[in-house]
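Engineer: Sending over a structure as structure tokens; questions will come in a sec.
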Amino acid sequence: MKENPLIRAWLESLTVGCIECTRDWRDSEVPAVRLVGHGTKRVFSTFDRAPRHAAARRYGYFVQEDGQLIFALPDEATAEKQVYVAGDFNGWEKAVGDPAWLLQPGKLNGEAMLLWSGPAEQFWVKPHQQFKFVTAEHQWLNVPENAPNAVPGPGGNVNHELDRERTGRQFFRFKLKKPLDLSMAWRIAPAVAGVEGVPLQPGDFFFSLGTDLPLGATVRRGQTVFRLFAPRVSEVKLFLTEKPGESADVQITTLERNAEEPYIWETTQKNNLHGWFYWYQLDGVRDTTGRFDPDVKVLDPYALATVSYAGPGIVIDRARIGPADRGFVTPQWQDLIIAEAHVRDLAAHAPVALSPEERLGFTGLRKWVESPDFYLQQLGVNCVELQPVQEFDNRTREEYHWGYMTTNWFAPASSYALAPAEASGIAELQALVAAFHRRGMAVLLDVVFNHVGEPPHLLFIDKLYYFEQDARGELSNWSGCGNDVRAHAAMAKRLIIDSCKHLIETYGVDGFRFDLAELLGSDVLRDIEQALKKVKRNVILIAEPWSYRGHIAGSLRDTGWSSWNDGYRDFMRSYVRGGGTAETFEYYIKGSPWYWAKWPAQTVNYSESHDDRTWIDEITENSHHNGQSPTANDRRRTQLMAAVLFASIGIPMIAAGQDFLRSKGGVNNTYLRGDLNALDYRRLFRFPGTHAYFADWIAFRRSSAGRLLRQWERPSEGFFKVIAAPDSIACAVIYNLDGSQGRDRLLFAVNPTTVDITIPLGETLPAAVNWRQIADHERFFSGHGVQQPVESELFLPALGCGLWRGET
């Protein structure tokens, strides 16, 4: 069998394309190839060598005719202006800060790029050397998913590879007289018998295709319009029924292309079909880039309600949806104290009268929230972050799931609704949000836009458009869930933004926590922020700034996003057990300034979330990480953690139940374990002291006396003073030392070691300040108990802490 000289081919527009050979084409004649599709052949109007810099965007390098190797990075790949090229040839990390390897601003074919140039021969001394781009602050930039020279490196990283057989001379460009139809499969084939060639795929232009037309099922003026964006399908059928079920009568309508926007498929039904059920079936390109299957039922991505994870969708007349609670005043970010919680975990064992069906979802939780004994109200938090409540892929209503495998981003989870086929989840979720608001609690939703669950409906609308793929056409999987959404594609980004707008406008939510936000990218997150702030000026936006691919917290500093601080989490787990350093403590107590947080509320500080073990299971002295029966030291360390958490600048977050030492018996991953995750409220009676300690710290932080802990802007240089005990990680912190924020001062001191220590405050203490102890490691004082004075040598017992308020 003859060798295929081609490796890939793509369209740069509907009339211009590019072909890549397996290696540099050194013949003087261009390769003999042809364009084939559906039994027809198309003739190229021109076919020539492409400029060498055609390799720049995908390969990260090319070699000029004069022998200079150019490293190239698109300007939009990072907001940082100081970027270095690092690799096997310059010691990787050693290149950072070395001006010899700094990329310089430039242009290639009019496109803004960051460039480095030097003799190519130095890079061929050793074959197949690897490289990557890195910022001045050691943030390694991701290799594009479709980079042909992406290779695995040490530690599970992905790097670019240099190849002297692929230097930019392997590309050819062609032009066509007539635009290609994207709903047909096209191939570039060598003019050699027996060699199939390669598929001709849409290139980057494809992902900019989009529309501003309303999508989904829209009821207006007594009619129902169905509209779907599907750029590569050849046929779309709409299935409509008044009643769900196999025996129901189904009306089938073939959608038509919009006359002005051919990537939009639509039909208008003459009646208001509110409450009817519907789905699509699509046919289209049959190649490695498509998963079109005319027999698969596809749930409309814009369906406002659904019967189940697989559909069908339910037509909703927006005029019949009651108004959202928009009267609640969302707290300022610096005032937030968040509790992360799951709908079923809160409701499962709630000590209120509920039916078994109500305990499964929105209505049961709403009734618990309305109870005078509601746990989170007693704790005192002013914000709840609910794990996903959009439709996800549990197979039965009773099956427990964390919800991170969503199948629709508009519909409330049908398994949390009492009557899914009646779309009751809409009113139930509205009522739940309103109930939290009446309790003075903002509502954040944990949203999952980085991947989809099963069935992956978007995959059957267009696999290439909606999902990231590598150079071989395989789905990327940096989410760990089987697929990664191509969030920068215009209509994928619009889908995300429209979903969030809908959740704000229909349900009155106050903000969002974006799961694995690194996969969306900082540029997309900026666009989302800009769009959502037009709908709700003070919308709360929190990123989980990592994925299995990388971390972007540093690149979000100049945005309005806050981020979960995993460094803080890991530090706290170590610090209360005697690990870490005083310098690291100072960094985190001050709010992770500058690299992580350019403004104080840009860090969400936490020590436990739904992921992995609970706090008490992680730090317990018991074997097998089982914190069901915590030791005295476990409890003491938990209260030290709470004191540091609530004394730290930033937004504090706890996991529901953390205050009463919630344990999952040491089990690490409980995403399907409702039996382990459900809150056991009896532990409130087993550990009332720890619960009270959390509640008192929360009350103090929210009070006027705790205002120095709630910073909106970065405080003055002299605001903080941190004093470490000699040869110890025990520290004291004075807030407002310079008096820049009024007459009040706070002194917080903590000793996470197992020996008593003294901290030399000496002359650091401001003069003429009267100090009064507010709390120690066991309790807050309320007019009784022995209160420790502040002295130049401040004593702290083992696993102890103290909080003092000073007034002049």
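The values are calculated or read from the model by the stated rules, or taken from the named source; none is laboratory data. As the structure is a computational prediction, the values presented were derived from the model and not from experiment. Every residue, glycine among them, receives a Cβ derived from its backbone with ideal geometry; neighbour counts consider all protein chains shown. Note: areas computed on protein heavy atoms with side chains; ligands, DNA, RNA excluded. Shrake-Rupley method; radii C 1.70, N 1.55, O 1.52, S 1.80 Å.
Engineer: Mind checking which pairs have a first residue in the range 580-603 that is free of Cβ contacts under 8 Å to residues at least 12 places away in the same chain and a second that is of a type in the set (Val, Ile, Thr) and open to solvent by less than 30 Å² (accessible area, probe 1.4 Å), Cβ under 7 Å, 6 or more apart or different chains?
Structural biologist: none
Engineer: I'd like to verify a number: residues in the range 610-625 that are farther than 25 Å from residue 568 by Cβ and either polar (S, T, N, Q) or buried (at least 23 other Cβ atoms within 10 Å of the Cβ) (or both), how many?
Structural biologist: Selection size over the range 610-625: 1.
Engineer: Can you tell me which residue within the range 781-797, out of those that are in contact (Cβ under 8 Å) with a residue 24 or more places away in the chain and open to solvent by 70 Å² or more (accessible area, probe 1.4 Å), is farthest from residue 699 (Cα to Cα)?
Structural biologist: As a first pass, look at the range 781-797 and keep what is in contact (Cβ under 8 Å) with a residue 24 or more places away in the chain: 790-797.
Among the residues that remain, those that are also open to solvent by 70 Å² or more (accessible area, probe 1.4 Å) are: 791, 793, 795.
Numbers: 791: 27, 793: 29, 795: 26 Å.
Looking at residues that are in contact (Cβ under 8 Å) with a residue 24 or more places away in the chain and open to solvent by 70 Å² or more (accessible area, probe 1.4 Å), I get 793.
Engineer: Which condition number does residue 451 fail, the rest of (1) in a helix (DSSP H, G or I); (2) open to solvent by less than 10 Å² (accessible area, probe 1.4 Å); (3) over 20 Å from residue 341 (Cβ atoms); (4) touching a Leu at 6+ places or on another chain (Cβ under 8 Å) being met?
Structural biologist: If we test residue 451 against (1) in a helix (DSSP H, G or I); (2) open to solvent by less than 10 Å² (accessible area, probe 1.4 Å); (3) over 20 Å from residue 341 (Cβ atoms); (4) touching a Leu at 6+ places or on another chain (Cβ under 8 Å), just (1) comes out false.
Engineer: Evaluate the following for residue 770: is it in contact with a strand residue (DSSP E or B) (Cβ under 8 Å, 6 or more places away or on another chain), surrounded by fewer than 20 Cβ atoms within 10 Å (Cβ to Cβ) and either of a type in the set (A, V, I, L, M) or under 28 Å from residue 692 (Cα atoms) (or both)?
Structural biologist: Working: in contact with a strand residue (DSSP E or B) (Cβ under 8 Å, 6 or more places away or on another chain): yes; surrounded by fewer than 20 Cβ atoms within 10 Å (Cβ to Cβ): yes; either of a type in the set (A, V, I, L, M) or under 28 Å from residue 692 (Cα atoms) (or both): yes.
Yes.
Condition check ((1) out of contact with any helix residue (DSSP H, G or I) (no Cβ under 8 Å at 6 or more places or on another chain); (2) closer than 30 Å to residue 9 by Cβ; (3) polar (S, T, N, Q)) across all residues:
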position: 516; (1), (2), (3): yes, no, no
position: 521; (1), (2), (3): yes, yes, no
position: 534; (1), (2), (3): yes, no, no
position: 570; (1), (2), (3): yes, no, no
position: 574; (1), (2), (3): yes, no, yes
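Engineer: Further question: Give just the number: which of (1) at pLDDT below 95; (2) small (Gly, Ala, Ser); (3) on the phi > 0 side of the Ramachandran plot does residue 324 not satisfy?
Structural biologist: (3)
Engineer: Shifting gears a bit: What residue, among those in the range 291-306 that are among the β-branched types (Val, Ile, Thr) and farther than 17 Å from residue 388 by Cα, is surrounded by the most Cβ atoms within 10 Å (Cβ to Cβ)? Before the answer, list the steps.
Structural biologist: Quick first cut of the range 291-306, residues among the β-branched types (Val, Ile, Thr) only: 296, 298, 306.
Filter once more, keeping what is farther than 17 Å from residue 388 by Cα: 296, 298.
Values: 296: 16, 298: 27.
Among those that are among the β-branched types (Val, Ile, Thr) and farther than 17 Å from residue 388 by Cα, it is 298.
Engineer: Checking residue 60 against (1) touching a His at 6+ places or on another chain (Cβ under 6 Å); (2) of a type outside the set (Lys, Arg); (3) farther than 17 Å from residue 135 by Cα, which test does it fail?
Structural biologist: It fails just one condition, (3).
Engineer: May I pose another question? Give 193, 120, 136, 112 a once-over and let me know the one that is open to solvent by 50 Å² or more (accessible area, probe 1.4 Å) and of a type in the set (A, V, I, L, M).
Structural biologist: Working: 120 fails: open to solvent by 50 Å² or more (accessible area, probe 1.4 Å); 136 fails: open to solvent by 50 Å² or more (accessible area, probe 1.4 Å); 112 fails: open to solvent by 50 Å² or more (accessible area, probe 1.4 Å).
Within the list 193, 120, 136, 112, the selection yields 193.
Engineer: Give the residue, chosen from 174, 239, 205, that is under 16 Å from residue 267 (Cα atoms), open to solvent by less than 60 Å² (accessible area, probe 1.4 Å) and among the aromatic types (Phe, Trp, Tyr). Working first, answer last.
Structural biologist: Details: 174 fails: under 16 Å from residue 267 (Cα atoms); 205 fails: under 16 Å from residue 267 (Cα atoms).
On inspection, the qualifying residue turns out to be 239.
Yes or no, residue by residue, for (1) of a type outside the set (A, V, I, L, M, F, W, C); (2) under 17 Å from residue 377 (Cβ atoms); (3) surrounded by 18 or more Cβ atoms within 10 Å (Cβ to Cβ):
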{"position": "320", "(1), (2), (3)": "yes, no, no"}
{"position": "352", "(1), (2), (3)": "no, yes, no"}
{"position": "356", "(1), (2), (3)": "yes, no, no"}
{"position": "360", "(1), (2), (3)": "no, no, yes"}
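Engineer: Would you please list the contacts, defined by Cβ atoms under 6 Å and residues six or more apart or on different chains, that run from a residue in the range 633-648 that is under 14 Å from residue 689 (Cβ atoms) and free of Cβ contacts under 8 Å to residues at least 60 places away in the same chain to a residue that is open to solvent by 10 Å² or more (accessible area, probe 1.4 Å) and assigned to a helix (DSSP H, G or I)?
Structural biologist: none
Engineer: In the range 474-588, which helices (runs of 4 or more DSSP H) lie fully inside it and hold 1 or more residues that are modelled with pLDDT under 95? Break it down into steps so the answer makes sense when it comes.
Structural biologist: Working: elements: 490-507, 522-535, 566-575.
In the range 474-588, the matching helices (runs of 4 or more DSSP H) lie at 522-535.
Engineer: If you don't mind, another one. Considering each of 520, 532, 541 in turn, give the residue that is farther than 22 Å from residue 331 by Cβ, open to solvent by less than 20 Å² (accessible area, probe 1.4 Å) and either free of Cβ contacts under 8 Å to residues at least 12 places away in the same chain or not small (Gly, Ala, Ser) (or both). Explain how you work it out, then say what you get.
Structural biologist: Values: 532 fails: farther than 22 Å from residue 331 by Cβ; 541 fails: farther than 22 Å from residue 331 by Cβ.
None of the others qualify; the one that does is 520.
Listed here are the residues, each with its yes/no results for (1) open to solvent by 20 Å² or more (accessible area, probe 1.4 Å); (2) among the polar types (S, T, N, Q); (3) closer than 25 Å to residue 635 by Cβ.
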{"site": "557", "(1), (2), (3)": "yes, no, no"}
{"site": "573", "(1), (2), (3)": "yes, no, yes"}
{"site": "582", "(1), (2), (3)": "no, no, yes"}
{"site": "587", "(1), (2), (3)": "yes, no, no"}
{"site": "592", "(1), (2), (3)": "no, yes, no"}
{"site": "595", "(1), (2), (3)": "yes, no, no"}
{"site": "608", "(1), (2), (3)": "no, no, yes"}
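Engineer: Sticking with this one: Select from the range 390-428 the residues that are assigned to a helix (DSSP H, G or I) and under 22 Å from residue 276 (Cβ atoms) and list them in ascending order. Show your work before the answer.
Structural biologist: Pass one, the range 390-428, residues assigned to a helix (DSSP H, G or I): 414-416, 420-422, 424-428.
Scanning the range 390-428 gives 414, 415, 420, 421, 422, 424, 425, 426, 427, 428.
Engineer: So, one more: Out of (1) open to solvent by less than 40 Å² (accessible area, probe 1.4 Å); (2) at negative phi; (3) not aliphatic (A, V, I, L, M), what's the single condition that is false for residue 712?
Structural biologist: (1)
Engineer: Hey, can you tell me all the residues within the range 1-31 that are over 14 Å from residue 203 (Cα atoms) and open to solvent by less than 70 Å² (accessible area, probe 1.4 Å)?
Structural biologist: Initially, the range 1-31 is screened for residues over 14 Å from residue 203 (Cα atoms), giving 1-7, 21-31.
Listed by number, the residues that qualify are 4, 5, 6, 7, 21, 22, 24, 25, 30, 31.
Engineer: Could you list, in sequence order, all residues of the range 737-750 that are buried (at least 18 other Cβ atoms within 10 Å of the Cβ) and more than 14 Å from residue 770 (Cα to Cα)?
Structural biologist: Correct list: 748, 749, 750.
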